[in-house]
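The values are calculated or read from the model by the stated rules, or taken from the named source; none is laboratory data. Owing to the predicted nature of the structure, the values given are computational and were not obtained by experimental measurement. Positions of Cβ are backbone-derived with ideal geometry, glycine not excepted, and every protein chain shown enters the neighbour counts. Ligands, DNA and RNA are excluded from the accessible area calculation, which covers all protein heavy atoms including side chains. Shrake-Rupley method; radii C 1.70, N 1.55, O 1.52, S 1.80 Å.
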Protein chains: 2
Amino acid sequence: MSKKGARRHASGGLTMADLAKLAGVSKITVSRALGNSPLVNPQTRERIQALAHERDYKFNISARNLRLRRSHTVAVIVEMKPSTDRTMFDPYPLVLLGGISQELTAAGYSVLLTTRQGASAAAVQAADGLILLGQGAHQDAVRRFDKLNLPMVVWGAPSASDAHVVVGSDNRLGGAVVARHFIALGRGRPVFIGNPSHPEIFERLNGFIDALAVRGIKPLLMRRDEFTVDSGMDAVRSLHQRKVGFDAIFACNDLLAMGAIRATLDLGRSVPADVSVVGYDDMPLGASFLPPLSSVRQDWQEGGMLLARKVLALIEGEPASPESLPVSLIVRAT
Amino acid sequence: MSKKGARRHASGGLTMADLAKLAGVSKITVSRALGNSPLVNPQTRERIQALAHERDYKFNISARNLRLRRSHTVAVIVEMKPSTDRTMFDPYPLVLLGGISQELTAAGYSVLLTTRQGASAAAVQAADGLILLGQGAHQDAVRRFDKLNLPMVVWGAPSASDAHVVVGSDNRLGGAVVARHFIALGRGRPVFIGNPSHPEIFERLNGFIDALAVRGIKPLLMRRDEFTVDSGMDAVRSLHQRKVGFDAIFACNDLLAMGAIRATLDLGRSVPADVSVVGYDDMPLGASFLPPLSSVRQDWQEGGMLLARKVLALIEGEPASPESLPVSLIVRAT
DNA sequence: ACAGCAATTGTTATCGGTATCTTGATACCG
DNA sequence: CGGTATCAAGATACCGATAACAATTGCTGT
């Protein structure tokens, strides 16, 4: 019973040696023909390629990998807990993945997707390079993968202390852009909603604070750990209960922003007349929200592609440097 | 310049032969020790494992794969166009992936993520099995992968004609459940919004129609290709312009449902007093929508795990049959 | 006519593991 | 005490591709 399935895979196909025998040449000639090497006669090449196609010959990648000592594979390690984790349900990592995948594929590489736990599962070691996604990446995880001694690129907020190539969008700029927007609108009592224990969000907060400081404005920090609509509503209600005045809200995520707007409206105040609100991530839904949400947009797709290009560079032995991607403020109705 | 990076990867580590020399045994003994084979003396095993750890020995997966003719890898092929494609920006495939990944990892397998274009990129051939995600999967793509002759499982709507193992959530049931909900509410003029050229959505529509037919009710089909809020609003406005009466809406996606609700409210009608609305997918945001959205929930996580289990079964040569996952109607305020 | 060169193809070794078959040593049995 | 069972470890032969080097052929130039 277990034979059938296994055998189909195991010895289903011909090898180069088989093809060689069929074509009356040696294996190496077959190898060269299939690899489009200039070392074979064009006619021979044609003949062998045709034969290979006809007989449905399939490459044995493992053999090639072994011989070439290269797998043409990059492992992408994602923080992906099955629990109620943010990362897992957000569409963004997927877009990031899309960018990575697109770029790697174009370069003839494959993507080995792994979770942190699964990363021990051997196969990662066969990769030519590593990409780390997920906010926790900076702390302990990085070290574990460091010692694999593979070309590695990390997505996140760069910190002075790390020695690896970090690519991320410019969160500090994101915060600053919003701050300047508020200043331009003449807002003087801004609130920041979010969880600054995430390095990326910490950066947003810092950019926000610093840019506001230019005008002597100090924002209020409403720490909220969840990235949900409810959490955003709760934050604003809590402000109200404490009778704290505010005329602008920077939520570090669009869902929080939506919640904040809703709670603000519920309290009888107008958005944007009384309170300006800006979110982060510019999720597709934001444009259809009522009122249409202003938000900071990150180019995830491009981020993924950049990550991919950096690993590829490292794999080729070329240098690669950390890089921050610009973000843009999309001003809508709020 | 290109040497440094390449070399680091290529010949950085020791081989079993090296370890063997160091330990004064033969390489096969090392192999056994590291593989926890009962064929070595426990003491020897300890000693070798300690040595391996100390010297930071790294397995060469390619070599093992070649010898064992197994890669312990499953390729997941995703429809992931960089264009404005639905799949790419939806969080659901990621959840599906999460389920797959979790289950495969637990079984000691890795996930090779590939897009359709990239699927030609060699590495797929090295996989022990295949999982196809993405709505287009049924048509042409399947055949291409069929001839790889690998254990394969497809996510989607089962159709009588296909010969492969299809796993999906029970879309027909999803439609039926909504129909019964409307019937129970006494609604007699239901509308379906969505794009039935997707096989999965076609099923939802059919389930909806059939279950309504029991009461002699015929729903109106508002075909809309985009899965967006705007598209949902547009559908309802169009109904209104054409002066079509309706008292219930089944949108094949939550965003469409939200748009439909908004447009309905804009037109001065009440939800749910005048019009009942049910969406599909039960996205997290739905619960926070105003009014909280009723929706059909699919268990994507479980779906992913099921897909994984089926391929694993096939890989082991065991039989596997198509399967539909139950869905559940989450009744909220609409 | 023969060295010299280019174009093709072949021979051999090797990548780093593991399966199979043997061998050596020790223990156990009647 | 001879013979067999048991355990531990080694020798050898692969898995299927490719690199390095070698060999063959035909053609060129002087």
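Within the range A:15-35, the set of residues being near DNA strand C (Cβ under 8 Å from one of its atoms) and not in a helix (DSSP H, G or I) comprises A:GLY24, A:VAL25, A:SER26. Looking only at residues in the range B:36-48 that are within 30 Å of A:ARG64 (Cβ to Cβ) and part of a loop (DSSP other than H, G, I, E, B), the one that is nearest to DNA strand C (Cβ to nearest atom) is B:SER37. Among the residues making up the range A:237-265, those that are in contact (Cβ under 8 Å) with a residue 12 or more places away in the chain, more than 19 Å from A:ARG187 (Cβ to Cβ) and either open to solvent by 10 Å² or more (accessible area, probe 1.4 Å) or outside any helix (DSSP H, G or I) (or both) are A:ARG237, A:SER238, A:ASN253, A:LEU255, A:ARG262.
Take the residues in the range A:178-198 that are open to solvent by 30 Å² or more (accessible area, probe 1.4 Å) and touching a Ser or Thr at 6+ places or on another chain (Cβ under 7 Å); name whichever of them is nearest to A:VAL327 (Cα to Cα). My answer is A:LEU185. Has the range B:184-196 got any residue that is of a type in the set (S, T, N, Q) and out of contact with any strand residue (DSSP E or B) (no Cβ under 7 Å at 6 or more places or on another chain)? Within the range B:184-196, not a single residue is of a type in the set (S, T, N, Q) and out of contact with any strand residue (DSSP E or B) (no Cβ under 7 Å at 6 or more places or on another chain).
The C-beta contact set for the range B:62-77 (first residue without any contact (Cβ under 8 Å) to a residue 60 or more places away in the chain and assigned to a loop (DSSP other than H, G, I, E, B), second residue within 8 Å of DNA strand D (Cβ to nearest atom) and open to solvent by 20 Å² or more (accessible area, probe 1.4 Å), distance under 9 angstrom, 6+ apart or interchain) comprises B:ARG69/A:ALA10; B:ARG69/A:SER11; B:ARG69/A:ASN60; B:ARG70/A:ALA10. Just one of the listed residues (B:ALA176, B:ALA235) is of a type in the set (A, V, I, L, M) and farther than 20 Å from B:ARG297 by Cα, namely B:ALA235. Within the range B:94-135, the only residue that satisfies the criterion of being part of a loop (DSSP other than H, G, I, E, B), more than 9 Å from chain A (Cβ to nearest Cβ) and in contact (Cβ under 8 Å) with a residue 60 or more places away in the chain is B:ALA107. Scanning the range B:12-57 for residues that are open to solvent by less than 60 Å² (accessible area, probe 1.4 Å), away from DNA strand D (no atom under 12 Å from the Cβ) and under 40 Å from the mean Cα position of the chain (by Cα) yields B:GLY12, B:GLY13, B:LEU14, B:LEU34, B:GLY35, B:ALA52, B:TYR57.
If you go through the range A:195-220 and keep only what is more than 19 Å from A:GLY245 (Cα to Cα), without any contact (Cβ under 8 Å) to a residue 60 or more places away in the chain and not in a loop (DSSP other than H, G, I, E, B), you end up with A:ILE201, A:PHE202, A:GLU203, A:LEU205, A:ASN206, A:GLY207, A:ASP210, A:ALA211. Could you tell me whether any residue of the range A:221-230 is of a type in the set (Val, Ile, Thr) and farther than 18 Å from A:PRO93 by Cβ? Within the range A:221-230, one or more residues are of a type in the set (Val, Ile, Thr) and farther than 18 Å from A:PRO93 by Cβ. All conditions but one from (1) under 24 Å from A:VAL275 (Cβ atoms); (2) among the aliphatic types (A, V, I, L, M); (3) crowded, with 19+ Cβ neighbours inside 10 Å; (4) modelled with pLDDT under 95 apply to A:LEU173; the one that does not is (4).
Every residue in the range B:210-228 that is in contact with a Ser or Thr (Cβ under 8 Å, 6 or more places away or on another chain) and open to solvent by 10 Å² or more (accessible area, probe 1.4 Å), please. Listed by number, the residues that qualify are B:ARG224, B:ASP225, B:THR228. For the range B:266-280, the set of residues classified as of a type outside the set (A, V, I, L, M), surrounded by fewer than 24 Cβ atoms within 10 Å (Cβ to Cβ) and touching an Asp or Glu at 6+ places or on another chain (Cβ under 8 Å) consists of B:ASP274, B:SER276, listed by residue number.
When residues in the range A:279-300 are screened for being among the small types (Gly, Ala, Ser) and not in a helix (DSSP H, G or I), 3 of them pass. Applying the set (1) modelled with pLDDT of 90 or more; (2) more than 13 Å from chain B (Cβ to nearest Cβ) to A:ASP140 leaves exactly one unmet item: (1). When B:VAL78, B:VAL74 are checked against the criterion of being at pLDDT below 90, away from DNA strand D (no atom under 13 Å from the Cβ) and buried (at least 17 other Cβ atoms within 10 Å of the Cβ), a single residue qualifies: B:VAL78.
When we screen A:ALA163, A:ALA121 for residues that are open to solvent by less than 40 Å² (accessible area, probe 1.4 Å) and small (Gly, Ala, Ser), the only hit is A:ALA121. Taking the criterion of being among the aliphatic types (A, V, I, L, M), more than 8 Å from every other protein chain (Cβ to nearest Cβ) and either within 9 Å of DNA strand C (Cβ to nearest atom) or in contact with a Lys or Arg (Cβ under 7 Å, 6 or more places away or on another chain) (or both), the only residue of the range A:49-74 that qualifies is A:LEU68.
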